[in-house]
Amino acid sequence: MRALVYGLMATAALGCGAAQAQQKTLYVAAYGGSFEQTMRKDIIPAFESKTGVKVEYVAGNSTDNLAKLQAQKGNQQIDVVILDDGPMYQAVALGFCADIAKAPVYDDLYDLAKIPSGKAVSVGAVGTGIVYNKKVFDENGWPAPASWKDIEDAKFRKKLVVPPINNSYGLHALVMMARLDGGGEKSIDPGFKAFKDKVNPNVLAYEPSPGKMTELFQSGQATIAVWGSGRAKALADTGFPAAFVYPKEGGIVLASAACAITGSKQAAEAQQFIQHMLSPEVQTVMATGAGFGPVNKTVTLTADQQVGIPYGPEQMGKLLVVDWDTINANREAWNKRWTREIER
């Protein structure tokens with residue numbers, strides 16, 4: 001009997017070991033902070049339960065995770081990466097991304113989610129626009145900002161905050177000022193001229209830190225800023241009278257994009273995970289948990305869930321997409337020029 005028991009135990013152990021050996025592990029690199037919490041709590045467990053695949057989460061900002069891909073070139077340890085749209089265009093150009101599988105859910109996406117190369121896809125979006133102190137505007141009888149040109153208005157002298165252009169929000173502002181003065185991504189000079197001659201006199205600070213930006217508003221030093229819809233919502237959620245608008249010329253989409261890494265040993269599972277991220281259920285979780293506007297057109301949010309995020313065809317249709325290929329090719333030179341001419 002003892003021999004039989006030991007034999008059964010050994011067989012069970014072998015079976016367990018075989019099952020563990022067969023379980024696949026998918027390495028997903030994406031943001032830390034509240035995004036990571038949402039992924040670990042609500043998104044990854046559902047995928048693991050549905051597929052039997054174990055997910056290991058690699059937390060880091062977009063720059064760090066792009067650097068990991070470059071360091072691991074030829075021996076990738078990451079299967080799926082989620083990056084801001086700018087760095088994602090770099091990842092595609094560097095050959096790190098495989099073609100996105102055209103599953104049925106792909107047809108349900110807004111066009112702005114479909115990155116032209118077909119090697120990455122946006123999984124959520126926020127928008128860059130203008131945030132302002134509604135209480136101060138009301139007290140002064142000022143109308144709400146309506147145009148990107150409003151940041152040139154002299155009544156905002158030393159009351160305007162803009163992130164520097166190594167931050168996407170500041171970069172978006174530079175591109176829009178260039179576009180409105182006859183230039184654009186391929187002709188950025190008008191944007192630099194507008195900032196130097198018309199915007200700079202109003203700038204209190206070129207501030208990249210969300211925490212510091214919040215402090216400048218709460219202390220009354222800042223009245224208006226170029227910022228993102230998600231950041232503005234977070235400020236408003238503290239009880240501060242922050243309001244957010246997309247200028248009439250259009251806000252700019254700041255998307256988070258996913259790609260399956262070329263050469264991944266778990267190529268099929270990587271594609272499955274991306275499709276999971278695009279499903280209506282996960283898109284809803286991303287909206288309520290991480291403040292991302294859904295890129296899946298079939299997602300339905302309540303009025304409360306819609307507050308502060310781009311949602312629906314009307315708002316998504318107002319968001320502009322910048323030419324990241326041109327920007328990435330010139331960004332280092334622009335950053336140096338910005339330091340030399342604007343933030344002196």
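What to note about this one:
- Karplus (6.51, -1.76, 1.60) ³J(HN,Hα), θ = phi - 60°, over region 54-59, in Hz, Gly and Pro reported as x: 8, 10, 9, 9, 10, 8
- Candidate values (i) 31, 21, 20; (ii) 43, 22, 18; (iii) 37, 28, 17, label of the one derived for semi-axes √(5λ) of the Cα gyration tensor in Å: (ii)
- 3J(HN,Hα) along region 135-140, derived from phi through the Karplus expression 6.51 cos²θ - 1.76 cosθ + 1.60 where θ = phi - 60°, amounts to 4, 5, 4, 5, 4, 8 Hz, with x in place of Gly and Pro.
- Inter-label distance, E139 to N75: 6.2 nm, where each label sits 7 Å from its Cα along the C-beta direction.
- Taking all protein chains as shown and a probe of 1.4 angstrom, V55 keeps an accessible surface of around 10 Å².
- On Cα atoms only, tilt of 280-290 relative to the major axis of the chain in degrees: 60
- ³J(HN,Hα), Karplus 6.51/-1.76/1.60, whole Hz, each residue of region 217-228, x for Gly, Pro: 5, 5, 7, x, 6, 9, 10, 8, 7, 8, 7, x
- Per residue, the accessible area of the chain comes to 46 Å² when a 1.4 Å probe rolls over the protein heavy atoms.
- Ellipsoid semi-axes for region 204-285, based on the Cα gyration tensor and the rule √(5λ), read 36, 15, 13 Å when sorted largest first.
- Estimated FRET transfer efficiency when R0 is 35 angstrom, pair S117-D197 (beta carbons, to 0.05): 0.40
- The chain: angle of helix 168-180 to the longest principal axis, Cα-based, in degrees nearest 10: 50
- Between 0 and 90 degrees, the angle of helix 62-71 with respect to the longest Cα principal axis of the chain falls at about 50 degrees.
- Apportionment of accessible area to carbon and sulfur, the chain, percent (1.4 Å): 52
- The stretch between A93 and E314 holds 76.4 nm of extra length on full extension. This uses 0.36 nm per residue minus the Cα-Cα distance.
The values are calculated or read from the model by the stated rules, or taken from the named source; none is laboratory data. Quick caveat: nothing in here was measured; it's all calculated off a predicted structure. Here Cβ is always computed from backbone atoms with ideal geometry, including for glycine, and neighbour counts include all displayed protein chains. Heads up: the accessible areas ignore ligands, DNA and RNA and are worked out on the full protein's heavy atoms, side chains in. Shrake-Rupley method; radii C 1.70, N 1.55, O 1.52, S 1.80 Å.
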